[in-house]
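The values are calculated or read from the model by the stated rules, or taken from the named source; none is laboratory data. Computed from a predicted model, the values in this text were never measured in an experiment. Don't worry about glycine lacking a Cβ; one is built from the backbone with ideal geometry, like all the others, and counts go over all protein chains shown.
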Amino acid sequence: MRRPIQSVTPTTGTAEVIGWVHEVRDLGGLAFFLLRDRTGIIQVTIVKKKASEAVLAAAKAVSRESVVRVTGTVKAIDKAPGGRELVPETFEILSMSESPMPLDVVEKVPADLDTRLDSRFLDARRPRVTAVFQVRSAAMHAINNYFENNGFINITTPKIVAAATEGGTELFPIAYFDREAFLNQSPQLYKQMMMAAGFEKVFEIGPIFRAEEHNTTKHLNEATSIDIEVSFADHHEVMRILEDLIVHTYRHVKDSCTDQLANLEIADFEVPRAPFPRLPYAEAIAIAQKKIEDPIKYGDDISSAAERAIGADMGGHYFIVDWPTEIRPYYAMPYENDPSICKAFDLMHPRMELSSGAARVHQHDLLVQQIKKKGLNPGSFEFYLRPFRYGMPPHAGWGLGAERLVMTMLNLSNVREAVLFPRDMHRLVP
Ligand code: ATP
Ligand code: MG
């Protein structure tokens, strides 16, 4: 196996490195190459009088962003990246890059997001972009671990479905042989059905598809949802799991991604502290009314402007709880003593919503009633309703957007920065 560039130290004496030509500087008698791989950068120093013909010829021919293999002697030198340089004995071009390139990897010329996404393979060579996806990988690792260590069963539910989870127009229709089908907008109904199967604690990390015609910095048409459902639990219990998971994930990233956070110039990566405040919906609306110009009243959805205003007031992660039943999905459990509000919650980052969840209605007849109240036809949900007639335990759960989690964790300005190949209204390629 190839040794990563980061592991090359002056004490190793000789080394072989393989990487991309990041930068070239020719100073006449001396030439400097910076070689890069996903772990870091090393300087290759060619003293022209001392180098072999073959090394000189390859160094002269090579273009930026070509892949090269260099072997030589490692020396300590203060001014070079990582405090070392490699003086080559061999310099071999493995794959030549065309020039000019569609995107400048060195970031001397800033590129807009669209240009970057068009050439994502080049964009992702940039250390700060690599770092985002290394952090995403670490976060997903921590999340998977958390669930495995806490007794959750990892499930996979269909993404091709016959009916909408919540009705509405958010679905992408697809041709399914001679029928119409849809790409699933959420694993909601399926994870609930597994409560009737007695699985007790399930999680799924998978794609969700939303055909909403958003053009915002926090919406994708294909996103990754981290979903759980837990039997014999109420909303309080799954909120505790959620805040615990957030803290665990941040801590793992802080401990395991020091170099990545440095690449992203995040000096003060803070692990949030649980418990997060629980802010009743009514109080959230009152805060928004004081702080934003647009009219907002009890019973309204919380707009993006309201989210930001309330978030500024709260200053950290928090939950909005006790929502009006009318503006939450039919499967959210109304409070017994006041059915006008329900046991639903949103987990908020000061910038935006990260997760929605609730204690669910587990009583068949109440569920049918609630489906009708939303103007939906219970007949279309028969496959979902049947399990509720044969012993459905009380249960609760939530769905957390992976991209928004990474976006807010790393303070990225656009959710598209947290996905390799984002899907939005205008982007289907690459
Ligand atoms: P919003 O109101 O912000 O559009 P939502 O309430 O429609 O979100 P939910 O259906 O509650 O979203 O989905 C649960 C979580 O999944 C959201 O809190 C979010 O983190 C993530 N999510 C949902 N839709 C999208 C999307 N279109 N793009 C990115 N993430 C999404
Ligand atoms: Mg929501």
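Structure values in brief
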| quantity | calculated |
| --- | --- |
| Inter-residue pairs, beta-carbon under 8 Å, first among the basic types (Lys, Arg) and in the stretch 387-406, second away from ligand 2 (no atom under 16 Å from the Cβ), 6+ apart | 389/364; 404/418 |
| Search result, residues across the stretch 407-430 that are in a helix (DSSP H, G or I), out of contact with any Leu (no Cβ under 7 Å at 6 or more places or on another chain), more than 16 Å from ligand 2 (Cβ to nearest atom) and of a type in the set (A, V, I, L, M, F, W, C) | 409 |
| Residue match in the stretch 296-305 (condition: over 31 Å from the mean Cα position of the chain (by Cα) and either in contact (Cβ under 8 Å) with a residue 12 or more places away in the chain or within 16 Å of ligand 2 (Cβ to nearest atom) (or both)) | yes |
| Number of positions in the stretch 346-399 that are within 16 Å of ligand 2 (Cβ to nearest atom), touching a strand residue (DSSP E or B) at 6+ places or on another chain (Cβ under 8 Å) and not hydroxyl-bearing (Ser, Thr, Tyr) | 13 |
| Those residues of the stretch 200-245 which are closer than 26 Å to residue 271 by Cβ and within 16 Å of ligand 2 (Cβ to nearest atom), in sequence order | 218, 223, 224, 225, 226, 227, 228, 235, 238, 239, 242 |
| The listed residue being within 16 Å of ligand 1 (Cβ to nearest atom), exposed (fewer than 15 other Cβ atoms within 10 Å of the Cβ) and not in a strand (DSSP E or B), out of 237, 243, 293, 213 | 213 |
| Out of 300, 255, sole residue that is of a type in the set (Asp, Glu) and in a loop (DSSP other than H, G, I, E, B) | 300 |
| In the stretch 321-379, the residues that are assigned to a strand (DSSP E or B) and among the β-branched types (Val, Ile, Thr) | 321, 341 |
| Unmet requirement for residue 425, which otherwise passes all of (1) out of contact with any Phe, Trp or Tyr (no Cβ under 9 Å at 6 or more places or on another chain); (2) more than 22 Å from residue 238 (Cα to Cα); (3) of a type in the set (A, V, I, L, M); (4) more than 16 Å from ligand 1 (Cβ to nearest atom) | (4) |
| Enumeration of residues in the stretch 80-101 that are modelled with pLDDT under 95 and at negative phi | 80, 81, 99, 100, 101 |
| Helices (runs of 4 or more DSSP H) fully within the stretch 102-181 counting 2 or more residues that are of a type in the set (Gly, Ala, Ser) | 127-149 |
| Filter result (of a type in the set (Asp, Glu), in contact (Cβ under 8 Å) with a residue 40 or more places away in the chain and away from ligand 1 (no atom under 14 Å from the Cβ)) within the stretch 320-377 | 322 |
